[in-house]
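Asks: Below is the structure I would like to discuss, written out as structure tokens.
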Amino acid sequence: MLQAGEWADVEDVSGEPEWVGRMAELGVRSGCRLQVLQPGSPCLLQVGGCRLCLRGACLMQILVRPVTAAAAW
């Protein structure tokens, strides 16, 4: 689990097409970078200029790869 302040790249968003589409509308799609502001459930994420609050079941549908601090910028 990522900790507060850590960055990650989204590898995949799975689930129903409506869910995947909604996440894409909010900026959560393969290739995007996000930051964890508050871990847990609910989890607060920074994606581009938006902040999103997602719960456990929703978070489980987003596959991410952690980014090292040097690569975050």
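Rule-based calculations on the coordinates, nothing more; no lab input. This is a predicted model, so every value here is computed, not measured. Quick reminder, even Gly has a Cβ in these numbers, built from the backbone with ideal geometry, and neighbours come from all protein chains shown.
Asks: For A4, work out the one condition from (1) more than 12 Å from the chain's Cα centre (by Cα); (2) among the aliphatic types (A, V, I, L, M); (3) surrounded by 14 or more Cβ atoms within 10 Å (Cβ to Cβ) it doesn't fulfil.
Replies: Here A4 clears every test but (3).
Asks: How many residues does the range 32-45 hold that are under 11 Å from A4 (Cα atoms) and in a strand (DSSP E or B)?
Replies: 7
Asks: So which residues in the range 19-73 are among the hydroxyl-bearing types (S, T, Y) and more than 10 Å from A8 (Cα to Cα), if there are any at all?
Replies: S30, S41
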